[in-house]
Amino acid sequence: MTLHVDHALGRDVTVSAGDLPLFTYTYRPDTARLESPKPYLHPVRTLSGDVVSLFRPHDHVWHKGIAWSLPHVGEHNFWGGPTYVHGSFYVQLENNGSAVHREMTDLSVVDGRADIAHRLDWISQDGRAVIDEQRSLSATVLDGVSWVLIFETAMTNVSGATLDIGSPTTKGRENAGYGGLFWRGPRSFTGGTVQSPDGTGADDLRGTRADWFAFRGRHDETGRSSTIVMVDDAGNPHHPPQWFTRSEEFACLCPAPFF
């Protein structure tokens, strides 16, 4: 199946397999400041055309399909919304930073693989430089029913100060270690099955360590089922990661290196 890319200059890139758009990567969004603007992937589709991502759900409007999101980077919130403050729960602070596209460094299709790469500036709410990031995404169709997306990032602290990267759990909230590459699934996936190498479950698997996690859910309208598998690279810090997942409230997966 032939891959091709369509670039809406200054806005987004869509990668398609034949006539089917697999995903759109919005690298320069028009997101509100309080939602910590950042690039995101949505919609993301299976090879059957079913959408397996959710954009700006009413319960957490800062959830954007699949996004690299960090709630606690020093004093900054690059996740969106309020910040967890122990003893006060979530408080809206003046700390919602932005991950801002600087330049595209690769956009190509070679030997059946689509590559997107760019540089980003992570900027605090008051305009200070915090992180310089180099990011790449690669997409390949594996077979007639599955395709793979590889996400890579290299982040450099340019703030001039130490940056402690953490989560609500490192700030005192039990078992809320989200932060990292976060997938929010369709509303119809609520109550779906979480799969780990050690077995199946749901919210009870949150916080456990594993090389990979998967989430299986069903789609409205078609009644078909889809499976999302997230695999952590063995070379990542703290591999295998603790995983943040939900099923009972909503569908999400996140290999959380800062749990």
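The values are calculated or read from the model by the stated rules, or taken from the named source; none is laboratory data. Nothing here was measured: the structure is a model prediction, and the numbers come from that model. Here the Cβ is made from the backbone with ideal geometry for all residues, glycine too, and neighbour counts use every protein chain on show. Quick note on the areas: whole protein, heavy atoms, side chains included, nothing else; ligands and nucleic acids left out. Shrake-Rupley method; radii C 1.70, N 1.55, O 1.52, S 1.80 Å.
I'd like to verify a number: residues in the range 232-250 that are in a strand (DSSP E or B) and free of Cβ contacts under 8 Å to residues at least 60 places away in the same chain, how many?
3
I need the full set of residues from the range 169-206 which are out of contact with any helix residue (DSSP H, G or I) (no Cβ under 8 Å at 6 or more places or on another chain) and aliphatic (A, V, I, L, M), in order please.
Scanning the range 169-206 gives ALA176, LEU181, ALA202, LEU205.
This table checks each residue for (1) under 22 Å from VAL61 (Cβ atoms); (2) modelled with pLDDT of 95 or more; (3) out of contact with any Lys or Arg (no Cβ under 9 Å at 6 or more places or on another chain); (4) not hydrophobic (A, V, I, L, M, F, W, C).
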position: GLY217; (1), (2), (3), (4): yes, yes, yes, yes
position: THR227; (1), (2), (3), (4): no, yes, no, yes
position: MET230; (1), (2), (3), (4): no, yes, yes, no
position: TRP243; (1), (2), (3), (4): no, yes, no, no
position: GLU248; (1), (2), (3), (4): yes, yes, yes, yes
position: CYS252; (1), (2), (3), (4): yes, yes, no, no
position: PRO255; (1), (2), (3), (4): no, yes, yes, yes
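Among the strands (runs of 3 or more DSSP E) confined wholly to the range 1-108, which include 3 or more residues that are open to solvent by less than 10 Å² (accessible area, probe 1.4 Å), at positive phi and at pLDDT below 95?
none
Test SER247 against the criterion of being within 10 Å of GLY192 (Cβ to Cβ), in contact with a strand residue (DSSP E or B) (Cβ under 9 Å, 6 or more places away or on another chain) and open to solvent by less than 10 Å² (accessible area, probe 1.4 Å), and give yes or no. Break it down stepwise before answering.
Working: within 10 Å of GLY192 (Cβ to Cβ): yes; in contact with a strand residue (DSSP E or B) (Cβ under 9 Å, 6 or more places away or on another chain): yes; open to solvent by less than 10 Å² (accessible area, probe 1.4 Å): yes.
For SER247, the condition - within 10 Å of GLY192 (Cβ to Cβ), in contact with a strand residue (DSSP E or B) (Cβ under 9 Å, 6 or more places away or on another chain) and open to solvent by less than 10 Å² (accessible area, probe 1.4 Å) - is met.
Counting only residues that are under 17 Å from PHE151 (Cα atoms) and buried (at least 19 other Cβ atoms within 10 Å of the Cβ), how many does the range 232-242 have?
Counting residues in the range 232-242 that are under 17 Å from PHE151 (Cα atoms) and buried (at least 19 other Cβ atoms within 10 Å of the Cβ) gives 2.
Scan the range 142-155 and report the pairs whose first residue is without any contact (Cβ under 8 Å) to a residue 24 or more places away in the chain and whose second residue is among the polar types (S, T, N, Q) and part of a strand (DSSP E or B), with Cβ atoms within less than 6 Å and a gap of 6+ or a chain change.
Within 6 Å, the pairs are VAL148/THR140; ILE150/SER138; GLU152/SER136; ALA154/GLN134.
So which residues in the range 109-123 are surrounded by 14 or more Cβ atoms within 10 Å (Cβ to Cβ) and small (Gly, Ala, Ser)?
ALA114, ALA117
I need the strands (runs of 3 or more DSSP E) fully contained in the range 124-231, keeping only those with at least 1 residues that are among the aliphatic types (A, V, I, L, M), open to solvent by less than 60 Å² (accessible area, probe 1.4 Å) and over 21 Å from LEU54 (Cβ atoms).
The strands (runs of 3 or more DSSP E) meeting that bar are 129-141, 147-157.
Being more than 11 Å from TRP243 (Cβ to Cβ) and in contact (Cβ under 8 Å) with a residue 40 or more places away in the chain is the filter here; which residues of the range 183-202 pass it?
TRP183, ARG184, GLY185, PRO186, ARG187, PHE189, THR190, GLY191, GLY192, THR193, ALA202
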